[in-house]
Amino acid sequence: MILVNHMNRKIRVLVVDDDSLLRKLVTEQLIRADFDAAPAASGKQALETLREEDYDVVLLDIMMPDLSGLDTLCEIRKFEDSPEVVMLTADTSLATGVEAMRQGAYDYLTKPVTLDEMEAVIRKATKKRRLVKQNASLRSAARRTDTGDEVLPSCRTTPRWQPSSSEAQSAARTDSTILLMGESGTGKDVLARFIHSKSWPA
């Protein structure tokens, strides 16, 4: 497996809870833990924020007055490239959390929740989202690739690109899963098309 990782930015988390004290506390804890966290006071505000900005994970309270957490979850899941959603619930029974996951939540946490619990789930959810995005990118690149050799741009000849190019050619000749990770503009699609063109015919 080849892993090209240019993701240096912090994990972005939207904290959605109508309890102002809890919302502020959780947001501040996540910021101190080196996340890029922001608060939203309601489901409606969260949806407005997500229409304007990209977040990796949404921590979403289930019980909210204007738009319930489950209703907000359903709306978030309609977004293209939607963030992963982790529900926050005070309900200690399994029913609420199971229903949330059935409707598309990544996981749920029962209040009161520790920073360690939040951090572990957020990182796992982010990893899943990035894998999904990279798989979609690879599928898209493969569909766009015509038969024939794909040549990397001139930067391929620079010292920075040579290790990736060499490793890509080796990986292309194996029956392995290939994961390319990186932010927009770092050349993932170009490298994906190159690997696809170098793969042995089925």
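Annotations for the structure displayed:
- A37 meets the conditions (1) surrounded by 16 or more Cβ atoms within 10 Å (Cβ to Cβ); (2) part of a loop (DSSP other than H, G, I, E, B) in every case but one. The failed one is (2).
- There is at least one residue in segment 49-58 that is within 17 Å of the chain's Cα centre (by Cα), part of a strand (DSSP E or B), surrounded by 16 or more Cβ atoms within 10 Å (Cβ to Cβ) and in contact (Cβ under 8 Å) with a residue 40 or more places away in the chain.
- For segment 86-139, the set of residues classified as crowded, with 18+ Cβ neighbours inside 10 Å and under 12 Å from the mean Cα position of the chain (by Cα) consists of Y106, I122, A125, T126, R129, R130, Q134, listed by residue number.
- Matching option when the condition is part of a loop (DSSP other than H, G, I, E, B) and without any contact (Cβ under 8 Å) to a residue 12 or more places away in the chain, among K10, K78: K78
Computed from the coordinates by the stated procedures, all read-outs in this text should not be read as laboratory data. From a predicted model like this one, the values you see are computed outputs, not experimental measurements. When we count neighbours, we look across all protein chains shown, and the Cβ atoms used for this are built from the backbone with ideal geometry, even at glycine.
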